1. Restricting the first residue to region 75-89 and requiring it to be under 17 Å from Met60 (Cβ atoms), which pairs with a second residue that is assigned to a loop (DSSP other than H, G, I, E, B) and open to solvent by 80 Å² or more (accessible area, probe 1.4 Å) meet a Cβ separation below 6 Å and a spacing of at least six or different chains?
2. Pull out all pairs, ordered by first then second residue, where Cβ-Cβ is under 9 Å, the residues are six or more apart or on different chains, the first lies in region 145-166 and is on the phi > 0 side of the Ramachandran plot and of a type in the set (Lys, Arg), and the second is in a loop (DSSP other than H, G, I, E, B) and surrounded by fewer than 10 Cβ atoms within 10 Å (Cβ to Cβ).
3. Asp95 passes all but one of (1) touching a helix residue (DSSP H, G or I) at 6+ places or on another chain (Cβ under 8 Å); (2) in a strand (DSSP E or B); (3) surrounded by fewer than 17 Cβ atoms within 10 Å (Cβ to Cβ); (4) not aromatic (Phe, Trp, Tyr); which number fails?
4. Just give me the residues in region 1-32 being free of Cβ contacts under 8 Å to residues at least 24 places away in the same chain and open to solvent by less than 70 Å² (accessible area, probe 1.4 Å), in sequence order.
5. Could you check, for region 40-57, whether at least one of its residues is open to solvent by 60 Å² or more (accessible area, probe 1.4 Å), touching a residue at least 40 places away in the same chain (Cβ under 8 Å) and more than 23 Å from Phe150 (Cα to Cα)?
Amino acid sequence: QVLAGGVLQLVATDHASFNSTQKAVGRDDFRLIPNGVHGLEERMHIVWEEMVNSGLITPMDFVRVTSSAAAQIFNMYPRKGRIAAGSDADVIVFDPNREHVLSAASHHHNNDLNIYEGRRIQGYVETTISRGRVVWQHGQLNVEPGSGRFVPLPLHGPLFDGLPKPGSARQESGFCRTSDPV
């Protein structure tokens, strides 16, 4: 509901995948449990199921919270997060009616567990196109090692408007009152 209401602007994942043996290290002391879970492959499906299928957001909002907002926040928009001439957005073909079950047996992580194990989802990414190439289709990943590309993030995008710039007198002093404008 906070996503639907605009308090949160996007859904993302840091995809920190650990297997059951690694997670078991913290069996007797939770402080030793490796932090994080997988989520990259499931993210779009879970957001569609929970947010769009439930009626909390529209399909256009889905695009915003899973794609365009991240590109804007990370100062990559309009290069990413937009389908337009000169932009470099990845595109998915999404079947909103296809049902499938999330499982460690069928996901593409090198992992023996799935936090969504057995969950039935309506909505499925059928195809992904990246830089003009079909890289995902019919449940198969079609990429060559090394075909990815590092995309540098420009510094000081709109997210940082109003914050002191590195080297500024305010930033160098280390002193900032809560009443100071940011």
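The values are calculated or read from the model by the stated rules, or taken from the named source; none is laboratory data. Small disclaimer: the values here were computed from a predicted structure and weren't measured. Every residue, glycine among them, receives a Cβ derived from its backbone with ideal geometry; neighbour counts consider all protein chains shown. Ligands, DNA and RNA are excluded from the accessible area calculation, which covers all protein heavy atoms including side chains. Shrake-Rupley method; radii C 1.70, N 1.55, O 1.52, S 1.80 Å.
1. As it stands, the answer is Ala89/Arg82; Ala89/Ile83, since those pairs meet every condition given.
2. none
3. Unmet for Asp95, out of (1) touching a helix residue (DSSP H, G or I) at 6+ places or on another chain (Cβ under 8 Å); (2) in a strand (DSSP E or B); (3) surrounded by fewer than 17 Cβ atoms within 10 Å (Cβ to Cβ); (4) not aromatic (Phe, Trp, Tyr): (1).
4. Of everything in region 1-32, those that are free of Cβ contacts under 8 Å to residues at least 24 places away in the same chain and open to solvent by less than 70 Å² (accessible area, probe 1.4 Å) turn out to be Gly5, Gly6, Ala16, Ala24, Gly26, Asp29.
5. Yes, region 40-57 contains a residue that is open to solvent by 60 Å² or more (accessible area, probe 1.4 Å), touching a residue at least 40 places away in the same chain (Cβ under 8 Å) and more than 23 Å from Phe150 (Cα to Cα).
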